[in-house]
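Novice: Structure below; questions to follow.
The values are calculated or read from the model by the stated rules, or taken from the named source; none is laboratory data. Since this is a predicted model, take the numbers as computed values, not measurements. Neighbour counts are summed over all protein chains in view; Cβ atoms, including those assigned to glycine, are modelled from backbone coordinates with ideal geometry. These area figures cover heavy atoms from the full protein model, side chains too; ligands, DNA and RNA do not enter into them. Shrake-Rupley method; radii C 1.70, N 1.55, O 1.52, S 1.80 Å.
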Amino acid sequence: MPNLSKFRTPASRLFAGVAVLATATLGLAACAPAGSSGDADTIGVSLIVKTNSNPFFIAMQEGAEAAAADAGVSLTLAAGKEDGDEDTQIKAIEDAIARGDQGILITPNGPGVLDAIAKARDAGLYVIALDTPPDPADAVDITFATDNRLAGQLIGEWTAVQLGGEKATIALLDLFDDKIVSVDYNRDQGFLEGLGIDVADGNANGDEAATGTYSGGDYEIVGNEATNGAEDGGLAAMETLLSKNPNINVVYTINEPAAYGASQALLAAGKNLDDIIIISVDGGCAGVEGVVDGVIDATSQQYPVKMAELGVQAIVDIVKNGTTPEVTSGLDFFNTGVALVTDNPADGVDSIDTAAASEICWG
């Protein structure tokens, strides 16, 4: 039985630190807005993340702050009140335009922000998406992001090997159920593709056949539930799906906070986590420790600090010398990398162990 209390200790520190960091970042936004130094040559950049309640976005903010300090950029931080909060992001975009910023870095909370992004670009701001490519991709100047499709495929391929032909009774813990966001369907559908399941429309969650065969045997999808990428959302979603089918043995989660919430629900239901495969995406330090402890079996690690660093530098380059970044060959965004993290490698699936992942994790 995995030691859940051991996993919770660093995770709790991360989540408990959110409120302090959120307060600090809001203070920075109020006290040091872009261009406030009065220097006409100062480059003003706004970083607008989805929420301050996720260590992933806190790491992104910290990476942007460090990069901005090194480059002499005046950085303003803003965030949605929760994952999916488009209105607060729209207001932050409007503020960036009014302030005269040269660029915006944004992790879009949904399609509702696209009109505001278009206004920013029309006003001459260079807009870069981080982590979540918008749909369409050319709604921004460029995106720096994980290849989320590949991230999902990796955990799906790994899961198929681990099942060894056993029936897969699958719970899908997604991001939203009221809006379509590329990071959501790319991870979910990529996971199913990695398992060898026909996903029907690859840009939509939940339309694949509920039963059928995967690459190693039979499968049954119990359902898709939204988590909003949060621990409490993961717990509630897992409870709902367990009420539909208590025999779930594969749990896909949109991110590690959702995975941790799902594990709580499973333990509360008397389940042994050793009998259930829990896979996720993020690769934060708490998530990597969760793999060490057996709470999460495998996760695809992404690199939010790199996204932020590249974003700040790209705006500096475009302002100073007109140099614009290019997308990765074959993709419509710049791929910032992904690695499967597990201490139980599978034949034919590239991965790194938790020792290596701990050296490069965030949070």
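Novice: Under a point-charge model restricted to the Cβ atoms of Lys and Arg (+1) and Asp and Glu (-1), what is the dipole moment magnitude of the chain relative to its Cα centre, in debye to the nearest 20?
Specialist: 760
Novice: A follow-up question, please. Below 11 angstrom from the Cβ of Asp353, what's the summed charge of the other residues (Lys, Arg +1; Asp, Glu -1)?
Specialist: Once all neighbours under 11 Å are counted, the net charge is -2.
Novice: Rounded to the nearest 5, what % of the DSSP beta bridges within the chain are antiparallel ones?
Specialist: Roughly 15 percent of the DSSP beta bridges within the chain come out antiparallel.
Novice: For Ala168, which sequence-distant residues (separation of 5 or more, or a different chain) have an amide H within less than 5 Å of its own amide H, given hydrogens modelled in the peptide plane?
Specialist: Asp218, Tyr219, Glu220
Novice: So what is the relative contact order of the chain, in percent, for Cα pairs below 8 Å that sit 6 or more residues apart?
Specialist: Normalised by residue count, the contact order of the chain is 18 percent.
Novice: Net charge within 9 Å of Asn255 by Cβ-Cβ distance, Lys/Arg positive one each and Asp/Glu negative one each, not counting Asn255 itself?
Specialist: That works out to -1.
Novice: If I model the chain as equal point scatterers sitting on the Cα atoms and use the Debye formula, what is log10 I(q)/I(0) at q = 0.12, 0.14, 0.15 Å⁻¹?
Specialist: Computed log10 I(q)/I(0) values: -0.83, -1.09, -1.23.
Novice: For region 253-363, give me the percentage of DSSP beta bridges that are antiparallel, rounded to the nearest 5 percent.
Specialist: 40
Novice: Percent antiparallel among DSSP beta bridges with both residues in region 120-224, to the nearest 5?
Specialist: 25
Novice: If you split all Cα-Cα distances of region 266-363 into 10 Å bins from zero, what percentages do you get per bin, shortest first?
Specialist: In order of increasing distance, the bins hold 15, 34, 27, 16, 7, 2, 0 percent.
Novice: Give me the extension gain from Asp135 to Val327: residue separation times 0.36 nm, minus the current Cα-Cα distance, reported in nm with one decimal.
Specialist: Roughly 67.6 nm would be gained on extension.
Novice: Would you work out if region 45-140 is rounded, prolate or oblate? Take a ≥ b ≥ c from the square roots of the eigenvalues of the alpha-carbon gyration tensor; rounded if a/c is under 1.5, else prolate when a/b is larger than b/c, oblate otherwise.
Specialist: oblate
Novice: Continuing with this model, one more query. Hey, what did region 224-281 get for relative contact order, percent, Cα under 8 Å, at least 6 apart?
Specialist: 39
Novice: On to the next question. For Asp297, what charge total do you get from the other residues with a beta carbon under 10 Å from its beta carbon, if Lys and Arg give +1 and Asp and Glu give -1?
Specialist: -2
Novice: Here is a follow-up. List, in order, the whole-Hz ³J(HN,Hα) value for each residue of region 268-279 obtained from phi through the Karplus relation with A = 6.51, B = -1.76, C = 1.60 and θ = phi - 60°; use x for Gly and Pro.
Specialist: Karplus-based 3J(HN,Hα) across region 268-279 equals 5, 8, x, 7, 8, 5, 5, 9, 10, 8, 10, 10 Hz.
Novice: Would region 194-244 count as rounded, prolate or oblate if I go by the C-alpha gyration tensor, calling it rounded below 1.5 in a/c and otherwise prolate when a/b exceeds b/c, oblate otherwise?
Specialist: Prolate shape, in that a/c is at least 1.5 and a/b is the bigger ratio.
Novice: Next up: In Å², and per residue, what accessible area does the chain have when probed at 1.4 Å with the other protein chains present?
Specialist: Value returned for the chain: 38 Å² of accessible area per residue.
Novice: Against the longest alpha carbon principal axis of the chain, how many degrees, from 0 to 90 and to the nearest 10, is the axis of helix 86-99 turned?
Specialist: The answer is roughly 20 degrees.
Novice: What is the count of Lys pairs in the chain whose alpha carbons sit under 25 Å apart, if the two are 8 or more places apart or on different chains?
Specialist: The result is 19.
Novice: Something else: Order of 352-361, 322-331, 267-276 by packing, highest average Cβ count within 10 Å first?
Specialist: 352-361, 267-276, 322-331
Novice: If you don't mind, another one. Using r as the Cβ-Cβ distance of Ser358 and Asn249, and R0 as 25 Å, what FRET efficiency do you calculate, to the nearest 0.05?
Specialist: 0.35
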